[in-house]
Amino acid sequence: MHWLLWSVVIITVLMTTTAWALWLERKLAARMGSRLGPTMVGRHGLLQPIADLLKLLQKEDILPEAADGALFNLAPILTAVFAIATVAVVPFGEGVIAADLDIGVLWVLAFGGLMVIPVWMAGWASNNKFALLGGMRAVAQAVSYEVPLVLASMVPVILAGSMSMTDIVHYQQQHSWIALWPTLPGLPAFLLFLLASLAESNRIPFDIPEAESELVAGVSTEYTGMKFGLFYMAEYIHTLVSSAIGAALFLGGWSGPFAPGLHWMLLKTLGLFVFIYVVRWTLLRFRQDQLMRLAWVWLVPMGLVLVFMAAVVVVWGGA
Amino acid sequence: MSAPQPQHRIELAVHEGEGDLMLVNFGPQHPSTHGVFRIKLLLDGEIVVKAVPYPGFLHRGVEKLAERLTFTQLGPIVDKNDYIAPMTNEQAIFMAFEKLLGIEVPRRARWMRTLFAELQRVASHLLWLGTFALDLGGALGGGATVFLYCFRERELVLDLFEEVTGARFHYNTHTMGGNRHDLPAGYAQKVHATLDVIAARLVEYEHLTSTNRIFDVRTRGVGTISSELALGLGLTGPVLRASGVDHDLRRDAPYGAYDEVPVNVMTETSGDCLARALVRIREMTESIRLARALIDGMPEGPICGAKAIKTPTQFKAASGQVYVGIETPRGELGTYVIAGGNERGAAPYRLKIRPPSYHAMSVLPYVLPGHMVSDVVAILGSLDPIMGEVDR
Amino acid sequence: MAVDETARNYTHPLYDTLLAAPGLNVLAGSVDQLLTWGLKNSLWIFPMATSCCGIEFMAASASRVDLDRMGTIPRATPRQADVMVVAGTITVKMAPRVKKLWDQMPEPKWCVAMGSCAISGDFYRDLYPTVPGIDTVIPVDVYIPGCPPNPEAVMAGMLRLQEKIALVRQGLFPPHGSSKEDRPETAKMANPAVRRLLDPARDAAITAHQVTLAGTPSPDTVDSPPLPVDASTAGSADRDLEALLRDRFGVTEFPKDAPPLVDAAFHVELARTLRDRGFRQYVTCVASHWPGDPETFEVATVLRSTGSGSQLAAWRVRVAAGEPVDSLCGVFAGADWQEREQFDLVGLRFAGHPDLRRVMMPEDYVGHPLRRDFASDAPCAPWR
Ligand code: SF4
């Protein structure tokens, strides 16, 4: 029954963490722009996410007249469900995992890929042209960046010889973090993974589906109150989970120099999360076609080469 | 080379006949229209097929208001036209009135006006850089960071103006025959200190535009305006200079103190968004140099014409028509005044303001077709339109 | 704390459920306080920034004042905003759009009028295109005076709004009366001008207008001469405009204080000649109305030569009322919008203009405000 216990604990912790991840991002962004960020609601604005949540719960729920009601309402729920589902296979510590599936990596990638369906649903059902354009961009982008993401994740899978996240972490405990050794497929694969997951979670410089200077708010343009809140939350959960998976696949998960355990995993996840947001608040965004070119011309071939190299390491490297 | 033709109107028939095209209303309230402006875009996927701009959402009737106000009363009113560089509005209109009435402006006042104009250019271009980055990077991303940096620097310049006039903007400091407010003691040191800070940070911004890959790919070759089209459309200022036309009223038809403090004109040849960005960033450096020279060489003397003009009756004699154009941060801001035709000689009979942004926006139907939606905001931002000025 | 049911603003059903739950009504006061606290500390802003005040609003969100300290986020879509900050002048063309955006915001919502223009129309108050205060169109909660208000004032205004929200929720302050039930439908707005603009018949009229215009011939291609662009061409620009006008265009009078008057028949030819002689930049055209006997219109055109020693060339043409002036669109592309503006505001027609539509005023506006017989203190009819 431990998995049930862990799932409850993980989901609760995840939701709370998401709230303060939001706060962290706002503070970070503010500091980068020489501002203070939230300071008035609670100490250092720490209660800001709670206020936002309470506010969103009280807002009127508007269903646009021309919208497709069922799809419109389903989309945010599905987004949140898919985002949370990916957490299931993330190993936070020895045994601290909701479901230690044999196909952990596949599960994560599959649900990551599914995320695009509710996004497209939302874009289509809103009956708003900006939302539609946003949905179209999201689909194109997700389909393109899924490929390098899969290829990058294949490298640790091939090296460890298993698709289970726990096994991959064990492999790294015995050898070394994949991002460090074997350096040649390891480090580039890690960077490729980071880039592709930036694109997967629609973060700058790849945030064109919700590019609000062009498309107002992309797919969520017509959403109000808690439905928008779900989109908003799913986005952060997705980023958090991407960071956690990056940490588990490439940075050794819960292993660490002194006293391996949960704290290392959390620290690494946080590190990646902050990195993603520093990138977000630093860079400008690409244009649609440039994004596609980057994916197909550079990232996909690079991923193929890396997978091949990983195979070479396994066969001849004697790891 | 024949210039591209504007698409004047999107007919519904086109939309229906070619079922794959989508009509998108961009504005009037849209995060990147820099105010209220509407463009109807006919899209083929993400590519713009036709674009029809609709200005006028901020038309406030300044030219009508001018018919019942006296010449001196108009100063604070025209401030509100180009609200990013308000003082240049006052300068333009009072230069026209002074020419009409034959009023001499003392040398110190001319230098002060020129100093303010250059500081306004720095503040205005800073704001442009910030909002342009917002367009490229979004309000929830790197664009916002650049925007905040630019605003931080702009506040420093506004502090300088506040020190002289007491207002952050809408200064009402120019008047007939000179200025209202003299420079406070120790102003030169403050100007130098502020400009030191800005000049140091400008190096970073120049770096940002010349070495940032994403900035480069988003702006290079986007929204190219040929020099013929630019001249024919009456484009002026940085937009014209970025298209390879070496023309700047500060040098070519000097006014104020520009005949004593020569200006280096910045040009680029490619005419795309990148060229416009580079021209503006270099102009900031040049303006800082000019402002330093102006504050150092500031002559002593009265700041307003010997005979202060107080009563409207003094204008009774005014009649005739004059046109005066000056170089504001956005280009040639012209004032055409017709005086003397009406019973009350104190007010202009007809005042026409020739706004550079209005002409800049008229280029949109020529350049937008063929670009992607993301480029639309980049092109719009690179023209640096101010809606208060476009619509007046 | 007692909650006055009648005075309460729109609330989410969840709120009532919480209040009605057994046992919870003991806590009703605290729940109410908690919800109110959430509501007032998370004010997401929809910036209805139309003009100068919008810039100060941006400054208020920037580093020095930083509205984000109290938890505001600017949202680009009205659907996710709680406060509409109307910053800037609202014109008759814009007012229906503001109303529409306001209607798209979910309850509970608030409106802040920032600056004299949004409060009362400022000095544009009694002019033809402006709305004298946004509270004639949508309900306003907080007014922030100033032209423009300092960023600090904006912050103060937002803090006042927080106070007001708390008071309204406690029933100590009348809400702005925009509860969902008595919120007027956009189409039924009390405001005649807005109603006029939302009239479906108007769309038909505009379409008909466009159909008639579609028949107008398109301009010749803008045949710019392929002159090389450098400072030396400016030297070849014709300096002796007077001689040219006298010899080729039969002008005899050269007034000291105004551009010379040229026969309207030569308008396009003169423009083309000057362009070929180096005056290649279109500067402006100004139409003016001269009532009296006979009623006439004058159009002054200004051209410029570029490069060092830049020169102006200006001339006027005069036509009787009702007669068109030839359009310069075939010579200078820039004449397009300038002539449209003069047509819109002065009511002078330009023959051969490809797209003579209104540009500043709404398409169905009647009258030409810059004519002398149009009173300068005649506000748009419904707001008189
Ligand atoms: S109140 Fe003043 S600053 Fe604000 S929009 Fe009106 S004119 Fe501009």
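The values are calculated or read from the model by the stated rules, or taken from the named source; none is laboratory data. Please read these numbers as outputs of a predicted model, since none were measured by experiment. A quick note on method: Cβ atoms are made from the backbone with ideal geometry, for glycine too, and the neighbour counts reach across all protein chains shown. These area figures cover heavy atoms from the full protein model, side chains too; ligands, DNA and RNA do not enter into them. Shrake-Rupley method; radii C 1.70, N 1.55, O 1.52, S 1.80 Å.
Screening residue C:331 with (1) more than 19 Å from residue B:60 (Cα to Cα); (2) touching a Leu at 6+ places or on another chain (Cβ under 6 Å); (3) buried (at least 23 other Cβ atoms within 10 Å of the Cβ) gives one miss only, at (2). Checking each residue in segment A:30-84 for being among the small types (Gly, Ala, Ser), without any contact (Cβ under 8 Å) to a residue 40 or more places away in the chain and touching an Asp or Glu at 6+ places or on another chain (Cβ under 7 Å) picks out A:30, A:37. Look at residue B:177 and say whether it is under 26 Å from residue B:105 (Cβ atoms) and in contact with a Cys (Cβ under 8 Å, 6 or more places away or on another chain). In short, yes. If you scan segment A:140-156, which residues turn out to be closer than 22 Å to residue A:100 by Cβ and surrounded by fewer than 23 Cβ atoms within 10 Å (Cβ to Cβ)? Passing the criteria: A:150, A:154. Counting only residues that are more than 9 Å from chain B (Cβ to nearest Cβ) and in contact with a strand residue (DSSP E or B) (Cβ under 7 Å, 6 or more places away or on another chain), segment C:91-108 holds 2 of them. Taken as a whole, the structure places residue B:240 among residues that are part of a helix (DSSP H, G or I), within 14 Å of chain C (Cβ to nearest Cβ), at pLDDT 85 or above and open to solvent by less than 10 Å² (accessible area, probe 1.4 Å).
Summed over segment C:278-297, the residues that are part of a strand (DSSP E or B) and open to solvent by 10 Å² or more (accessible area, probe 1.4 Å) give a count of 2. Just give me the residues in segment C:298-329 being more than 8 Å from every other protein chain (Cβ to nearest Cβ), of a type outside the set (Lys, Arg) and assigned to a strand (DSSP E or B), in sequence order. Residues satisfying the conditions are C:298, C:299, C:301, C:303, C:313, C:315, C:317, C:319, C:320, C:325, C:326. Residues of segment A:51-83 that are open to solvent by less than 60 Å² (accessible area, probe 1.4 Å), closer than 22 Å to residue A:241 by Cβ and within 13 Å of chain C (Cβ to nearest Cβ): A:52, A:56, A:76. Residues considered: B:114, B:145, B:131, B:175. Of these, the only one that is away from the ligand (no atom under 16 Å from the Cβ), over 20 Å from the mean Cα position of the chain (by Cα) and either at positive phi or touching a residue at least 40 places away in the same chain (Cβ under 8 Å) (or both) is B:175.
For segment C:248-259, state whether one or more residues are outside any loop (DSSP other than H, G, I, E, B) and either closer than 29 Å to residue B:360 by Cα or out of contact with any helix residue (DSSP H, G or I) (no Cβ under 9 Å at 6 or more places or on another chain) (or both). No: zero hits. Looking only at segment C:42-88, residues that are in contact (Cβ under 8 Å) with a residue 40 or more places away in the chain, within 16 Å of the ligand (Cβ to nearest atom) and not aromatic (Phe, Trp, Tyr) come to 15 in all. What about residue B:122, is it surrounded by fewer than 24 Cβ atoms within 10 Å (Cβ to Cβ) and β-branched (Val, Ile, Thr)? Judged against the criteria, residue B:122 is not a match. If I filter segment C:363-371 for residues that are at the interface with chain B (Cβ under 10 Å from one of its Cβ atoms) and open to solvent by less than 10 Å² (accessible area, probe 1.4 Å), do I get at least one hit? So far as segment C:363-371 goes, yes, one or more of its residues are at the interface with chain B (Cβ under 10 Å from one of its Cβ atoms) and open to solvent by less than 10 Å² (accessible area, probe 1.4 Å). Pairs, please: C-beta under 7 Å, at least 6 apart or cross-chain, first residue among the acidic types (Asp, Glu) and in segment C:118-129, second open to solvent by 10 Å² or more (accessible area, probe 1.4 Å) and more than 8 Å from the ligand (Cβ to nearest atom)? Here the result reads C:126/C:377; C:126/C:379, each pair linking segment C:118-129 to a residue that is open to solvent by 10 Å² or more (accessible area, probe 1.4 Å) and more than 8 Å from the ligand (Cβ to nearest atom).
Summed over segment B:41-80, the residues that are facing another protein chain (nearest Cβ under 7 Å) and either within 16 Å of the ligand (Cβ to nearest atom) or in a loop (DSSP other than H, G, I, E, B) (or both) give a count of 13. Of the residues making up segment B:213-231, those that are in contact (Cβ under 8 Å) with a residue 60 or more places away in the chain and within 14 Å of chain C (Cβ to nearest Cβ) number 5. Name the single residue that is farthest from the ligand (Cβ to nearest atom) among those in segment B:148-170 being charged (D, E, K, R) and touching a residue at least 12 places away in the same chain (Cβ under 8 Å). Going through the qualifying residues, I end up with B:153.
In segment C:109-126, what residues are more than 12 Å from the ligand (Cβ to nearest atom) and modelled with pLDDT under 80?
C:126
Here residue A:32 passes the criteria (1) within 30 Å of residue C:62 (Cβ to Cβ); (2) within 10 Å of chain C (Cβ to nearest Cβ); (3) among the hydrophobic types (A, V, I, L, M, F, W, C) except the one numbered (2).
Once segment C:141-157 is narrowed to residues that are in contact with a strand residue (DSSP E or B) (Cβ under 7 Å, 6 or more places away or on another chain) and open to solvent by less than 60 Å² (accessible area, probe 1.4 Å), the residue that is farthest from the ligand (Cβ to nearest atom) is C:141.
Here residue C:63 passes the criteria (1) surrounded by fewer than 21 Cβ atoms within 10 Å (Cβ to Cβ); (2) more than 7 Å from chain B (Cβ to nearest Cβ) except the one numbered (2).
Against the test of being within 13 Å of chain B (Cβ to nearest Cβ) and either buried (at least 22 other Cβ atoms within 10 Å of the Cβ) or not in a helix (DSSP H, G or I) (or both), the options A:255, A:243, A:220 yield a single qualifying residue, A:220. The condition (being assigned by TED's automatic domain parsing to the domain that holds residue C:150, more than 16 Å from the ligand (Cβ to nearest atom), at pLDDT below 85 and out of contact with any helix residue (DSSP H, G or I) (no Cβ under 9 Å at 6 or more places or on another chain)) is satisfied by just one residue among C:29, C:38: C:29. No other residue among A:178, A:204 is assigned to a loop (DSSP other than H, G, I, E, B), at pLDDT below 70 and crowded, with 22+ Cβ neighbours inside 10 Å apart from A:204.
The set of residues from segment B:340-360 being within 8 Å of chain C (Cβ to nearest Cβ) and at pLDDT 85 or above comprises B:352, B:354, B:358, B:359.
Of all residues in segment A:293-313, those being within 14 Å of chain B (Cβ to nearest Cβ) and touching a helix residue (DSSP H, G or I) at 6+ places or on another chain (Cβ under 6 Å) number 0.
The conditions of being buried (at least 16 other Cβ atoms within 10 Å of the Cβ) and at pLDDT 85 or above are met by residue A:299.
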